[in-house]
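Okay, structure first, notes after.
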DNA sequence: CTGATTAATGACACGTATGTCATTTATTTT
DNA sequence: AAAATAAATGACATACGTGTCATTAATCAG
């Protein structure tokens, strides 16, 4: 055991990140109930009270985890949108696939779960999520719809559509996986194909004749 | 105060139902965290320990609440399906509207929330819900899809479609309302119209020419 | 090498929830 | 009306989670 970590080691700079990473893992594996300071500390290899040196309260930790995890996703989506130049249909497909990757296969759904479960007790986090994340997400899909209509790929009514309709199945898939994974697995790839197929058929401009 | 309830009154027969009703209200108003035996008892007007005379554990109460709330919904849906004889499109519309009523405007979503939040800790409830409720719900929509294809109203690919796609937006709306109600209200009626419109357009057999 | 700084810790105080059990008391039986 | 039954209760034991604070000990400055 020559490479064991020194006990009581001082690492002021690295600690916050380590704590957040531990919190995220704990959240993913043991859920919100298991996400206690004691568990986080144990996972991070520090003592429970050390966390208080870097975060005032448990809510601070949650908020930091949420912020951290989400900013990556938004940035990634924006990058794809801005770079893309092909037909809107394919862009839609790519964005939806990204959504599934992050949400269903990655662990972003954990935040979703936390919001549903404990949102009532943390109105500030709920507001943060709504204003910073979801509004931007909706805007992305709204832009997608407008673009599709402008180019004649989508039927005109798509302009008036609530863009959240488009992402609903992905949210559903993420939650289903979280909750019913042990009972019955969801074939994500197949589900995603169905999702895209129905939505695209529902949006497309019917061929003229 | 001549109509005040007698203290320590004995009502063996009525107690379980009263307890469940109190638990459901507490769940709806204060969330899972607030749904403690103390709160349930206070709301039901009995002492906390009385609950233990009728339910062994907290999980028993949860399961009973879930069972109770769901059986009504399934029965109602089945009744509508069996009675209906018109075009599938309208039947689909009616069923979706029922779903929104129960899930978004009623308090059935509370169970959804509980599943997402605490499912990890209650695998029996998760299994019960999957087997008894969701599978039946899926079957209903599957039947709807098959019927639509048989009658030529829906395109053939609808047979292969995962029926859960169709209900996803309703689930989304229910959760959105639960979580983001205070921050930004969802116009349920409008959202539901969009839901139905896109899905129907996505399913319909394109007119022949 | 010695003392100062402060990251890290363990002990403590507090609050809250669950579940058990002896006791109280409303209701029923005789 | 008195005794028996059992519904309802309050006190108790236990467990766990948060947050504070004095103490310990790793690191740095002189």
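Just so it is clear, none of the values below were taken in a lab; they were calculated from the coordinates. No experiment lies behind these values; they were computed from the predicted model shown. Heads up, the Cβs are rebuilt from the backbone with ideal geometry, glycines too, and the neighbour counts pull from every protein chain shown.
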The Rg/Rh figure for the range A:8-60, Cα atoms and Kirkwood Rh, to two decimals is 0.93
Return one number: the angle in degrees, 0 to 90 and rounded to the nearest 10, between the long axis of the Cα atoms of helix B:164-180 and the longest principal axis of the Cα atoms of chain B.
-> 40
Taking a label point 7 Å out from Cα toward Cβ, give me the nm distances from residue B:136 to the same spot in the other copies, shortest first, one decimal.
-> 4.3
How fast does the range A:135-209 diffuse by Stokes-Einstein, in µm²/s, taking the Kirkwood radius from C-alpha pairs at 20 °C and 1.002 mPa s?
-> 156
P(r), alpha carbons of the range B:67-124 - 10 Å bins starting at zero, rounded % | 20, 42, 26, 10, 1
Within 10 Å of each Cβ in peptide A:72-82, how many partner chain Cβ atoms are there on average? Round it to a whole number, please.
-> 0
If one builds a Gaussian network model of chain A from Cα atoms under 10 Å apart, the most fluctuating residue listed among A:114, A:83, A:158 is A:83
Whole Å is fine, so just give me how far the alpha carbon centre of the range A:39-118 lies from that of the range B:8-38.
-> 36
Cα-based convex hull, the range B:1-95, per residue volume (Å³, whole number) | 164
How would you rank A:98, A:199, B:200, going from fewest to most other Cβ atoms within 10 Å of each one's own Cβ?
-> A:98, B:200, A:199
Which distances, in nm and shortest first, link the residue B:52 label point to the same label point in every other copy, taking 7 Å along Cα→Cβ?
-> 3.2
Using just the alpha carbons, could you tell me how many Å³ per residue the convex hull of the range B:105-172 encloses?
-> 103
In vacuum, with every alpha carbon of the range B:39-135 counted as one equal point scatterer, what does the Debye formula give for log10 I(q)/I(0) at q = 0.11, 0.16, 0.19, 0.23 Å⁻¹? Two decimals, please.
-> -0.44, -0.80, -1.00, -1.22
Which semi-axes, in whole Å and largest first, does the equivalent ellipsoid of the protein assembly as shown have when worked out from the alpha carbon gyration tensor as the square roots of 5 times its eigenvalues?
-> 38, 33, 18
Report, for residue B:75, each distance to the same residue's label point in the other copies, shortest first and in nm; define the point 7 Å along Cα→Cβ.
-> 5.5
Compute the long axis of helix A:135-150 from its Cα atoms, compare it with the longest principal axis of the Cα atoms of chain A, and write down the angle in degrees, 0 to 90, nearest 10.
-> 20
Do the sum for chain A: with -39,500 (n - 2.57) for every DSSP H run of n ≥ 4, divided by all residues, what is the mean residue ellipticity at 222 nm, to the nearest 500 deg cm²/dmol?
-> -20500 deg cm²/dmol
Taking the Cα-to-Cβ direction at residue A:85 and at residue A:132 and moving 7 Å from each Cα, how far apart do the two end points lie in nm?
-> 3.4
Would you please put A:66-74, A:182-190 in order of how densely packed they are, using the mean number of other Cβ atoms within 10 angstrom per residue and starting with the highest?
-> A:66-74, A:182-190
Degrees separating the helix A:15-34 axis from the principal Cα axis of chain A, which is the longest one = 70
Could you estimate the translational diffusion coefficient of chain B from the Stokes-Einstein equation, with Rh from the Kirkwood formula over C-alpha pairs, at 10 °C and 1.306 mPa s, in whole µm²/s?
-> 82
Shielding of A:90-100 by other chains, given as the mean Cβ count within 10 Å, works out to 0
Long-range tail of P(r) for the range A:155-199 (Cα pairs > 16 Å, %) = 45
What's the center-to-center distance, using Cα atoms, between the range B:126-174 and the range A:133-202 in Å?
-> 17
Counting only other chains, what is the mean number of Cβ atoms within 10 angstrom of the Cβ of each residue in peptide B:135-144?
-> 0
